[in-house]
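The block underneath contains the structure these notes are about, expressed in structure tokens.
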Amino acid sequence: MAQDNRDAATEPGTLAELFNQRANAGDVEGLVALYEPGAVLAAGRVVATGHDEIRAFYANLLGRKSEFPAPETLEPVRNGALSVEVARAQPDGTWLWAIDQLKIAPPRE
């Protein structure tokens, strides 16, 4: 889904890398662009569904936290057009999260 000048995930494993780059840049819209329109983001007790709720979640998060460590990711396991992280292949060949259980380390003190 490359509707702007941002890089798109051409493999499911690059979503975490793009998340890290965009989070550290404070790019809320770039983070939202990593999700399908009806995606579900679960972060602790917060469950955000759809772009509007995901946008609000990230706007709040980035307002409180500005440094995100590089993600530790495993190789994706694929079965057809769906990865274990629940990223789905899009018609244009890119990948977006359909379900994301966000794991964010606590702020460093």
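The values are calculated or read from the model by the stated rules, or taken from the named source; none is laboratory data. Every value quoted in this text rests on a predicted model; they were computed, and no experiment measured them. Please note: Cβ atoms are built from the backbone with ideal geometry, for glycine as well, and neighbour counts cover all protein chains shown.
So that you can scan it fast, the table gives a plain yes or no per residue for (1) more than 17 Å from SER66 (Cα to Cα); (2) in contact with a Ser or Thr (Cβ under 8 Å, 6 or more places away or on another chain); (3) surrounded by fewer than 18 Cβ atoms within 10 Å (Cβ to Cβ):
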| residue | (1), (2), (3) |
| --- | --- |
| GLU11 | yes, no, yes |
| LEU15 | yes, no, no |
| PHE19 | no, no, no |
| GLY26 | no, yes, yes |
| GLY30 | no, no, no |
| ALA33 | yes, no, no |
| ARG45 | yes, no, yes |
| THR49 | yes, no, yes |
| ILE54 | yes, no, no |
Residues of segment 13-33 that turn out to be free of Cβ contacts under 8 Å to residues at least 40 places away in the same chain and over 10 Å from the mean Cα position of the chain (by Cα), as a count: 5
Number of positions in segment 23-35 that are in contact with a Gly (Cβ under 9 Å, 6 or more places away or on another chain) and modelled with pLDDT of 95 or more: 1
Which numbered condition PRO71 fails, given (1) under 15 Å from ARG22 (Cα atoms); (2) at pLDDT 70 or above: (2)
